[in-house]
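Structure, as structure tokens:
The values are calculated or read from the model by the stated rules, or taken from the named source; none is laboratory data. Predicted model, so just to flag it, every value in this text is computed and none were measured. Ideal geometry is used to build each Cβ from the backbone, glycine not excepted, and the neighbour counts take in all protein chains shown. Please note that ligands, DNA and RNA were not included when accessible areas were found on the heavy atoms of the full protein model with its side chains. Shrake-Rupley method; radii C 1.70, N 1.55, O 1.52, S 1.80 Å.
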Amino acid sequence: MTRKVFVTHRLPGRGIQELAAHCDLNVWMGPGLLPAAQLRDELAGCHGVVCLLTDRIDQDLLDAAPDLRFVSSMSVGVDHIDVPAMSARGIAVGHTPGVLVDTTADTAFALLLAAARRVAEADRFVRDGNWTAANAWSPEFFTGKDVSGATLGIVGLGAIGQAVARRATGFGMEVLAWSRTPRRVTGIEMVGLEELLLRSDFVSVHVALAPQTRNLLDVDRIGLMKPGAVLVNTARGGIVDENALAAALLNGNLSAAGIDVFASEPVSPDNPLLALPNVVATPHIGSATTLTRARMADMAAANAIAALKGQPMPCCVNPQVYR
Ligand code: NAP
């Protein structure tokens with residue numbers, strides 16, 4: 001019997017066609033993102049689902065999908081999936097690590113440079129017609145913060161954190177890192193989180209969002225950051241207390257921030273960070289290049305195909321389900 005697989009969005013890449021050869025495939029064609037109630041309806045009778053980070057895959061959904069045997073997410077982060085609930089039911093969860101590392105590290109560095117050198121603010125200034133003879137080049141005109149030679153603190157020295165460190169080395173930065181699992185990496189000084197915050201001119205966040213990392217950068221830890229420091233977050237919104245960050249940027253304790261991810265997405269226009277000129281905000285585009293997105297989709301399809309063949313997924317976050 002051909003098994004049913006549901007895909008929650010049209011996907012780039014060629015893998016999706018290969019997947020279609022292995023199952024009865026149903027793809028949500030939009031418009032927009034799939035509403036949660038519809039995902040619930042669509043999963044009835046499905047053997048597997050290929051999803052995005054915008055889809056919440058939790059116990060409630062599982063209860064409505066008794067035939068579900070695998071979840072394959074086109075993302076490296078799996079904080080939108082209740083992995084313990086999946087494991088308890090023997091459902092394999094796949095993700096797409098590795099292929100997005102350099103692309104996301106590039107985004108982090110783009111935000112770091114843009115925040116340090118006030119690129120978004122300067123762009124708005126020019127477009128708004130404010131660059132006039134009376135308001136033009138002067139010694140203090142749009143001065144920012146030097147990146148070269150500064151100290152970068154990396155919170156979470158996983159694959160993306162290490163890729164950001166490699167970029168920082170090219171800029172002559174001193175690189176500190178804190179990670180749950182200490183790692184010896186040439187050119188990086190491992191320190192405690194407090195020391196990292198006290199010493200870094202730039203802090204870039206790269207831990208996964210988990211119960212232990214939610215609000216990791218809370219009001220107290222943001223308060224430890226060096227005066228005038230810059231915070232960059234391309235990991236997940238829930239890791240940084242947005243209100244505390246906005247207050248620190250408003251009162252001048254921090255000079256700028258580059259933020260790709262928000263606690264609630266799409267971010268509300270009322271989010272206090274968006275009212276601040278020294279925040280560079282992007283809409284969760286860390287891995288958004290055409291090639292990387294196609295590679296991620298192909299990996300998600302490969303995980304699904306393996307699951308359909310009864311094989312372990314090549315990239316599974318809960319391999320204990322195979323034991
Ligand atoms: P990775 O190689 O798995 O690294 C994950 C990092 O998070 C490691 O340092 C890991 O520490 C740490 N971590 C995981 N669980 C933790 C916990 N419970 N407590 C403390 N630290 C924990 O993943 P990656 O490829 O570098 O990606 C990192 C994160 O970036 C992803 O989880 C995702 O949320 C985010 N991301 C965002 C975008 C975007 O579009 N903005 C794109 C890609 C990824 P250990 O080494 O001790 O496990």
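Residues whose amide H lies under 5 Å from that of VAL50, counting only those 5 or more places away or on a different chain, are PHE6, VAL7, THR8, SER72; hydrogens are built 1.01 Å from N in the peptide plane.
Distance between the 7 Å Cα→Cβ label points at ALA275 and ASP146: 3.5 nm. Projected onto their three principal axes, the Cα atoms of segment 129-227 cover extents of 54, 31, 22 Å, largest first. Accessible surface calculations at 1.4 Å, restricted to protein heavy atoms, place the chain at 48 Å² per residue.
Report for the chain the percent antiparallel among DSSP-assigned beta bridges with both residues inside it, nearest 5. If I count the DSSP bridges inside the chain, around 5 percent turn out antiparallel.
Computed from label points 7 Å out along Cα-Cβ, the spacing between ASP58 and ALA122 is 4.4 nm. The charge dipole of the chain, taken about its Cα centre with unit charges on the Cβ atoms of Lys, Arg (+1), Asp and Glu (-1) only, comes to about 860 debye.
Rank these by accessible area, largest first, 1.4 Å probe: SER73, SER264, SER138. Intermediate results must be reported in sequence, preceding the final value.
Working: SER73 0, SER264 80, SER138 45 Å².
In descending accessible area the options line up as SER264, SER138, SER73.
Mean-square fluctuations from a GNM of the chain, with a 10 angstrom spring cutoff on Cα atoms, peak among GLY32, GLY258, GLY223 at GLY32. Here is the list for segment 1-63: trypsin sites (Lys or Arg not before Pro) lying in DSSP coil, each with at most 14 other C-beta atoms within 10 angstrom of its C-beta, are ARG10, ARG14, ARG56.
Taking amide H positions as modeled 1.01 Å from N, with prolines and chain starts lacking one, the residues under 5 Å from VAL280 and 5 or more places away or on another chain are ALA257, GLY258, ILE259.
In the chain, helical runs assigned H by DSSP with n ≥ 4 each contribute -39500 (n - 2.57); averaged across all residues and rounded to the nearest 500, the mean residue ellipticity at 222 nm is -9000 deg cm²/dmol. Averaging the sequence gap over all C-alpha pairs within less than 8 Å and six or more residues apart, then dividing by the number of residues, gives the chain a relative contact order of 21 percent.
How large, in percent, is the carbon and sulfur part of the accessible surface of segment 1-157 at a probe radius of 1.4 Å? Result for segment 1-157: 52 percent of the exposed heavy-atom area is carbon or sulfur. For segment 101-281, relative contact order (Cα pairs under 8 Å, six or more residues apart, normalised by length) works out to 21 percent. Shown is the FRET efficiency for GLU18 and SER268, computed with R0 = 45 Å from the Cβ-Cβ distance and rounded to the nearest 0.05: 0.70. Multiplying the residue separation of GLN38 and ASN26 by 0.36 nm and subtracting their alpha-carbon distance yields 3.0 nm.
Working note: Karplus 6.51/-1.76/1.60 with θ = phi - 60° gives segment 103-112 the couplings 4, 6, 5, 4, 4, 4, 6, 4, 5, 4 Hz, where Gly and Pro are set to x.
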